[in-house]
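Okay, structure first, notes after.
The values are calculated or read from the model by the stated rules, or taken from the named source; none is laboratory data. From a predicted model like this one, the values you see are computed outputs, not experimental measurements. We place every Cβ from the backbone using ideal geometry, glycine too, and count neighbours over all the protein chains shown.
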Amino acid sequence: MSTRREPTARQLRLATELRRLRDAAGLTAREAAKLLGVSNVQISQIEAGLSGVSEQRLRRLASHYACTDDEFIDALVAMATDRTRGWWEEYRGLLPTSFLDLAELEHHAAFMREVAILYVPGLLQTEGYARGVFSARVPELTGDELELRLRHRLRRQQFTIPYELVIHECALRIRVSDRAASRAQLMKLAELSEADHITVRVIPFDLDGFGRAASTMTHVGGPLPKLDTVVRDVPHGSAFIDSEAQLGAFRTRFRKVEAVSLDSERSRDFIHRLAKEL
């Protein structure tokens, strides 16, 4: 199997899970290679996401690692044998890799949960709002770069999986563009909140004791909870978090933030009220 120059985040996640299984079994890469009858280099490449792994080899590795979680093994096999060439591949070489990895992650997601403090999330942005966000980038994007990012963002919005958003009033009030664009964004958000698969809940400014402003995150559900991913913004793209301990902490964070937010109906009324003020 040929060696990859730049594995995707999904391929790296599979590699990480295989390395975790080996570590849990107490085996070195050299020992795993001997059991599989391959070279140390091949195991290293598989565990770095630089080389794929067949279903047969993956199941043999799982057996050598004494993994008896059949559902988990099946999920890893699905990741290893997936040959999907998604719409995001049109942008390879045109946009940063993190844009493509995020789109691929969302494509395979079972659900998404998001906490937004400063901005309306990209999945629910209007074209005018998204244009305002991209136009504020430093260094400034060229016209072509801006349009590419805008098209990519709008294409990501074609999802049907369950999506829960908890958004702070701060994000609803910040005007990334002009008054008209802000009003259009609020009305769009209220409209989307009525979709069967989208839930929007608001955290108002006048909430006492809200110390979770750093809880901004996107929790993306995998085929199994242990294959969930949390995405956080970093200066040069997105950070994908997948350790079990951190996933557990972020699940708790989301539920704590959700617990202090307004319910869906009151949130929709709140958003309509803000729109009327503009």
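When you scan the stretch 1-29, how many residues do you find that are basic (Lys, Arg) and either at pLDDT below 95 or within 22 Å of residue 92 (Cβ to Cβ) (or both)? Walk me through how you get there before you give the answer.
First pass over the stretch 1-29, keeping only residues basic (Lys, Arg): 4-5, 10, 13, 19-20, 22.
Those left that are additionally either at pLDDT below 95 or within 22 Å of residue 92 (Cβ to Cβ) (or both): 4-5, 10, 13.
Qualifying residue count for the region: 4.
Could you tell me which of the residues 229, 218 is of a type in the set (S, T, N, Q), touching a Phe, Trp or Tyr at 6+ places or on another chain (Cβ under 7 Å) and crowded, with 17+ Cβ neighbours inside 10 Å?
229
Counting only residues that are of a type in the set (A, V, I, L, M, F, W, C), in a helix (DSSP H, G or I) and either touching a residue at least 40 places away in the same chain (Cβ under 8 Å) or not assigned by TED's automatic domain parsing to the domain that holds residue 27 (or both), how many does the stretch 48-79 have?
Of the residues in the stretch 48-79, 8 are of a type in the set (A, V, I, L, M, F, W, C), in a helix (DSSP H, G or I) and either touching a residue at least 40 places away in the same chain (Cβ under 8 Å) or not assigned by TED's automatic domain parsing to the domain that holds residue 27 (or both).
Restricting attention to the stretch 83-107, report how many residues are closer than 29 Å to residue 32 by Cβ and loosely packed, with under 13 Cβ neighbours inside 10 Å. So that I can check it myself, show each step before the final result.
Of the stretch 83-107, the ones closer than 29 Å to residue 32 by Cβ are 83-84, 97, 101, 104-105.
Subset that is loosely packed, with under 13 Cβ neighbours inside 10 Å: 83-84.
Counting residues in the stretch 83-107 that are closer than 29 Å to residue 32 by Cβ and loosely packed, with under 13 Cβ neighbours inside 10 Å gives 2.
Could you look through the stretch 128-175, keep only residues that are of a type in the set (A, V, I, L, M), modelled with pLDDT of 95 or more and out of contact with any strand residue (DSSP E or B) (no Cβ under 8 Å at 6 or more places or on another chain), and pick out the one that is surrounded by the most Cβ atoms within 10 Å (Cβ to Cβ)?
Among them, the one singled out is 130.
Looking for something in the same structural domain as residue 199 (by TED's automatic domain parsing), in a strand (DSSP E or B) and in contact with a strand residue (DSSP E or B) (Cβ under 7 Å, 6 or more places away or on another chain) - is there at least one such residue anywhere in the stretch 86-107?
Checking the stretch 86-107: not a single residue is in the same structural domain as residue 199 (by TED's automatic domain parsing), in a strand (DSSP E or B) and in contact with a strand residue (DSSP E or B) (Cβ under 7 Å, 6 or more places away or on another chain).
For (1) basic (Lys, Arg); (2) touching a residue at least 12 places away in the same chain (Cβ under 8 Å), each residue gets a yes or a no:
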position	(1), (2)
235	no, no
251	yes, yes
255	yes, no
265	no, no
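Inspect the stretch 108-122 for any residue being in a helix (DSSP H, G or I), surrounded by fewer than 19 Cβ atoms within 10 Å (Cβ to Cβ) and assigned by TED's automatic domain parsing to the domain that holds residue 180 and give the result as yes or no.
Start the filter on the stretch 108-122 by keeping residues that are in a helix (DSSP H, G or I), which leaves 122.
Imposing the further condition that a residue be surrounded by fewer than 19 Cβ atoms within 10 Å (Cβ to Cβ) reduces the set to none.
The answer is no, given that none of the residues of the stretch 108-122 is in a helix (DSSP H, G or I), surrounded by fewer than 19 Cβ atoms within 10 Å (Cβ to Cβ) and assigned by TED's automatic domain parsing to the domain that holds residue 180.
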